[in-house]
There are 2 protein chains.
Amino acid sequence: MPEVPDAQTVQTTQSVQTTQNTETRSVPLFLDCDTGVDDALAIAWLAAAPGVDLVGVGAVSGNIAAATGARNTLDLLAMLGLPDVPVHLGAHDFLDHPFTGGAPHVHGADGTGGVPLPRAATELSGVHAAQALVDAAHEHAGELRVLAIGPLTNVALALEIDPDLPRLVRELTIMGGAAMAPGNVTPVAEANIHNDPLAAARVVEAGFDLMVIGLDVTMHQRFEEEHRQALLAAGTPVTRVLGEVLEFYYAFYAQRFGRPCSVLHDPLAAAVATGDVVPSLAPRVPVVVDSTEGPGRGQTIADLRGLYHGFPDSPPVGPGVARVALEIDGDFGAVLLERLLTL
Amino acid sequence: MPEVPDAQTVQTTQSVQTTQNTETRSVPLFLDCDTGVDDALAIAWLAAAPGVDLVGVGAVSGNIAAATGARNTLDLLAMLGLPDVPVHLGAHDFLDHPFTGGAPHVHGADGTGGVPLPRAATELSGVHAAQALVDAAHEHAGELRVLAIGPLTNVALALEIDPDLPRLVRELTIMGGAAMAPGNVTPVAEANIHNDPLAAARVVEAGFDLMVIGLDVTMHQRFEEEHRQALLAAGTPVTRVLGEVLEFYYAFYAQRFGRPCSVLHDPLAAAVATGDVVPSLAPRVPVVVDSTEGPGRGQTIADLRGLYHGFPDSPPVGPGVARVALEIDGDFGAVLLERLLTL
């Protein structure tokens, strides 16, 4: 586990230690991300989650360029008391087309809503994120959980390095897609999948034990202004930065909801990956990704025709099959806030 | 209005007359269909609907071949006391591919679940359904309502004959598509649209005042076994045939719902077209039809991204825009049964 660098992370580290003291095994987890406002919340969640051993983080282009996201990730991990977690730069461009600038209107040009993070002394590992994922999967064979909250380019590249990855990885949780809910970058496509549909198609076809956390659930779990004010009021360096970073993101979502607020895409996926949140409805169904150039490009097409009868024909884990989260009960915003206030 | 051929249709005809007597203007309506079990229910609805002047019916391939559906339509109209409504044979094949047999597992090889209809003496008009639609639109310019409950091939062909059709037709109501709900013939495509995506794409682009009644609403309005038994018990020739025809259809839907029952696709669209049912949520939004050969082929892609904020940016009537029914309140099964028991 990482060293404790300063007082503000004591609670996090205590939680982890408590878990270790009761001899609960820590769960090795590899994160791939494009940090990004909600990625920052997900990283904070992982830092605060008891029993999670964050063994490495890959950076991919998406919300911002991979290098920018990697720098944000290094700075956040240092703030969170995890400066020893290796950060690996991954793909700048997508499998079959270039990165073209991301979503500065959502996340700010810097990925952190125009709020400068304290620059950490830590640097990138020098290992490509795809190779690092393969290495971690071998080191923790059968145990590694992978959480991918950006485009799936790095994971697809890792599959090229080692096609056996789905047998080595225990579970892959992705934030991406929209099964029945509207998309966000097109009427049917969610941004992570739409950024690199070919990569997503390969990952879905690879045969991972795959959990898909998409807009069907993430659009219904939100931070309101009161949550942001609570983060600012808590006044630790981490909570203050998260509260400030959210302001820009809230302004974007005001267009969707008519008031400043934030959906919780990436932290919700993180909470599912850590086992703290269990979807109340997440059938395992056939899934394909539309990688055509047609109007459905980037859509995750889940076969939900069993919806009216409890999904009686759910297939086993295998290529082209995933659990697709359709319902998550409870108020995750409250859970997330409580966890972040320990930081 | 049609002549009264025998006692069993008196009530229908009385209803129409009552409406005329109170000087409510009758509404000219042209139907295009692929009869079909639920088409039969829709035709029965139209026959029983006060104030509706059914000026013609086109037949298209879909559930069954166009010629078979046309014959079923003639026989049903005669049973319903409407032997003078002209029936026009339309397209057997779809715009860019042949008809390949329809859905005999859903509707039976004859379209009426293996139940022979009493053969009427009436015959087809000799005018192609597409031309008949154009003629009706000119005859009732600005007033004609069109209800299309099969593939949109005939309507697309009518647009080739007269591109001004959307300005002549007052409103086009279609049964088709699935905006957020799962599809029925693929994970995202509904049968009518999937049968001829190119035709559907052209119709959506033509600029009709278009109302889309798709699986989002039709899957939630059902006939149960008690409704069918009530039809059989009523014992008129029409209700008895409808009750018998439904048995085969119920067996198909038992696979979807775990009990014999029927969704009410086409009659629900008919009830919206006649103004008896008004969707409680049907935003006017951009719509495109996926006519690629990819996994989204046949999907009606509606831009529902305004869902979370009351669709603040709804566009006016125009090309590529439609009202998409998302919610219909109440128990349409009960309303339909009550109406059919007047026959």
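The values are calculated or read from the model by the stated rules, or taken from the named source; none is laboratory data. Not measured: the values here are computed from a predicted model. Virtual Cβ from ideal backbone geometry, glycine too; neighbours counted across all protein chains shown.
Structural remarks
- Test: residue in the stretch B:161-180 that is touching a His at 6+ places or on another chain (Cβ under 8 Å), within 30 Å of A:Val324 (Cα to Cα) and either at pLDDT 95 or above or charged (D, E, K, R) (or both): yes
- Selection over the stretch A:288-310 of residues that are assigned to a strand (DSSP E or B) and either among the aliphatic types (A, V, I, L, M) or out of contact with any helix residue (DSSP H, G or I) (no Cβ under 6 Å at 6 or more places or on another chain) (or both) gives a count of 4.
- Filter result for A:Leu232 (touching a residue at least 40 places away in the same chain (Cβ under 8 Å), assigned to a helix (DSSP H, G or I) and either over 23 Å from A:Leu343 (Cβ atoms) or away from chain B (no Cβ under 14 Å) (or both)): no
Yes or no, residue by residue, for (1) among the β-branched types (Val, Ile, Thr); (2) within 14 Å of chain B (Cβ to nearest Cβ); (3) assigned to a strand (DSSP E or B); (4) over 30 Å from B:Tyr308 (Cβ atoms):
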site	(1), (2), (3), (4)
A:Ala137	no, no, no, yes
A:Val155	yes, no, no, no
A:Ala158	no, no, no, yes
A:Thr173	yes, no, yes, no
A:Ala178	no, yes, no, no
A:Ala181	no, yes, no, no
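- Residue match in the stretch B:292-301 (condition: without any contact (Cβ under 8 Å) to a residue 12 or more places away in the chain and touching an Asp or Glu at 6+ places or on another chain (Cβ under 6 Å)): yes
- Answer from B:Val146, B:Val127 - the residue that is touching a residue at least 24 places away in the same chain (Cβ under 8 Å) and assigned to a strand (DSSP E or B): B:Val146
- Selection from the stretch B:215-245 of residues that are in contact with a Phe, Trp or Tyr (Cβ under 7 Å, 6 or more places away or on another chain) and aliphatic (A, V, I, L, M): B:Met219
- Total residues in the stretch A:207-229, condition assigned to a loop (DSSP other than H, G, I, E, B) and farther than 17 Å from A:Gly150 by Cβ: 6
- Subset of the stretch A:313-332 that is among the acidic types (Asp, Glu) and away from chain B (no Cβ under 11 Å) - its residue that is farthest from B:Arg256 (Cα to Cα): A:Asp331
- Complete set of residues in the stretch A:89-125 that are more than 21 Å from A:Leu41 (Cβ to Cβ) and not hydrophobic (A, V, I, L, M, F, W, C): A:His92, A:Asp93, A:Asp96, A:His97, A:Pro98, A:Thr100, A:Gly101, A:Glu123, A:Ser125
- Looking across the stretch B:316-326, the residues that are out of contact with any helix residue (DSSP H, G or I) (no Cβ under 8 Å at 6 or more places or on another chain) and either closer than 21 Å to A:Gly296 by Cβ or buried (at least 20 other Cβ atoms within 10 Å of the Cβ) (or both) come down to B:Val321, B:Arg323.
- For the stretch B:235-252, filtering for residues that are farther than 20 Å from B:Thr342 by Cα and in contact (Cβ under 8 Å) with a residue 12 or more places away in the chain leaves 5.
- Subset tally (residues that are more than 7 Å from every other protein chain (Cβ to nearest Cβ) and surrounded by 24 or more Cβ atoms within 10 Å (Cβ to Cβ)) for the stretch A:291-312: 2
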